[in-house]
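Written below as structure tokens is the structure these notes are about.
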Amino acid sequence: MIVPCQKDDSLLADITSADPVSGAFHVWWLGQSGFLIKWRGHGLLFDPYLSDSLTRKYDGTERPHVRMTERAIDPLRLRGIHVVTSSHNHTDHLDAETLLPLKAANPNLKLVLPEANVDFARKRLGPSGPEMVPLDVGTFAEVGPFTFHGITAAHNDIERDENGHSRFLGFVVTFGDFAVFHSGDTLWHETLVKEVRRWPINLALLPINGNRPERGVAGNLDGFQAAVLAKAISAALVIPCHYQMFEFNTEEPDEFTQTCERLGQRYLVLQCGERHVLGHLTDPSAGDARPTEPNREQGWWV
């Protein structure tokens, strides 16, 4: 099993030591599609999966979820987290065994999720879950210093509820001078580039596990497509994700890195638990994004 380069005590110490640094933001990959962003002491978690719930659920079935990478940290130990996202309802993106301990450690935690999924999430998480902040394509939500913008995701299709709200989302999050794009789980679709190019993206976090029907699960971008998407949206840096978690649904990042190199696209392959720092002080190509206000006809303030 893959051992995170930092886990438990060492990871927690690294997260804590990052707090005083100004003029930059910090990002850690926590496995699968989970990333921790820290900026000026504020913590944002994208789609964390920090349990073995799926391995237990599918043990002995035709589709066992055999884990490849050890858990980076117990979510009960993660303090200073102000907001967490769930891009859709699949358990590796909406995990009660991650979110409930996280809420216990962070009593004021808020969960940004598709408006279409609020009722489902309430049933899964129960009354002890985080306060929910609904989001849809073309709307925004402000949680502390972070502004979330909903981006259409196709996993595998673009699905909407009876009210027309998207069930799968990506997120562009702006804070200070920065803009980060987390695509959620998605295939390439015709409006994706157009939607995201409204912001100068400092960092894109994109899946690379691909779309193989024989796996029996909805798919994602593959490594080639993720690299091309990063180039198409002019991302200053792209980090791949959604691999090395489950044996049946993974790819290696080789195709992604080779395509990035051919395209001249800056990329970084993180190890689970590894930190990277982006900002004016450390990365001259980052920090050029400016907060924008698309679709402010609708919104949600916290």
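The values are calculated or read from the model by the stated rules, or taken from the named source; none is laboratory data. Since the structure is predicted, the reported quantities are computational estimates derived from the model, not experimental observations. Counting neighbours? That spans all protein chains shown, and the Cβs are built from the backbone with ideal geometry, glycine included.
Within the range 207-249, work out how many residues are closer than 17 Å to Tyr49 by Cβ and either free of Cβ contacts under 8 Å to residues at least 60 places away in the same chain or surrounded by 17 or more Cβ atoms within 10 Å (Cβ to Cβ) (or both).
15
Determine which member of the set Asp8, Asp14, Asp19 is touching a helix residue (DSSP H, G or I) at 6+ places or on another chain (Cβ under 8 Å) and surrounded by fewer than 17 Cβ atoms within 10 Å (Cβ to Cβ).
Only one candidate passes the filter, namely Asp8.
Since Leu263 meets every condition but one in (1) under 26 Å from Arg198 (Cβ atoms); (2) among the hydrophobic types (A, V, I, L, M, F, W, C); (3) touching a residue at least 60 places away in the same chain (Cβ under 8 Å); (4) surrounded by fewer than 17 Cβ atoms within 10 Å (Cβ to Cβ), which condition does it not meet?
With (1) under 26 Å from Arg198 (Cβ atoms); (2) among the hydrophobic types (A, V, I, L, M, F, W, C); (3) touching a residue at least 60 places away in the same chain (Cβ under 8 Å); (4) surrounded by fewer than 17 Cβ atoms within 10 Å (Cβ to Cβ) applied to Leu263, the lone miss is (3).
Looking at the range 218-241, which of the residues that are outside any strand (DSSP E or B) and out of contact with any helix residue (DSSP H, G or I) (no Cβ under 9 Å at 6 or more places or on another chain) is farthest from Cys272 (Cα to Cα)?
Selected residue: Ser234.
Within the range 123-136, is even one residue β-branched (Val, Ile, Thr) and either part of a loop (DSSP other than H, G, I, E, B) or under 21 Å from Leu206 (Cβ atoms) (or both)?
The answer is no, given that none of the residues of the range 123-136 is β-branched (Val, Ile, Thr) and either part of a loop (DSSP other than H, G, I, E, B) or under 21 Å from Leu206 (Cβ atoms) (or both).
Looking only at the range 85-137, filter to residues that are among the hydroxyl-bearing types (Ser, Thr, Tyr) and crowded, with 16+ Cβ neighbours inside 10 Å; which one of those is modelled with the lowest pLDDT?
Among those that are among the hydroxyl-bearing types (Ser, Thr, Tyr) and crowded, with 16+ Cβ neighbours inside 10 Å, it is Thr91.
Quick one: Pro145 ticks every box in (1) surrounded by 19 or more Cβ atoms within 10 Å (Cβ to Cβ); (2) under 15 Å from Leu44 (Cα atoms) except a single one, so which number is it?
Pro145 satisfies every listed condition except (1).
What's the total number of residues in the range 100-147 that are closer than 15 Å to Ser166 by Cα and either within 19 Å of the chain's Cα centre (by Cα) or free of Cβ contacts under 8 Å to residues at least 24 places away in the same chain (or both)?
17
Which of the residues spanning the range 247-291 are farther than 16 Å from Ala230 by Cα, touching a strand residue (DSSP E or B) at 6+ places or on another chain (Cβ under 7 Å) and at pLDDT 95 or above?
Leu270, Cys272, Gly273, Glu274, Arg275, His276
Report whether or not Thr61 is among the β-branched types (Val, Ile, Thr), in contact (Cβ under 8 Å) with a residue 12 or more places away in the chain, at negative phi and surrounded by fewer than 22 Cβ atoms within 10 Å (Cβ to Cβ).
no
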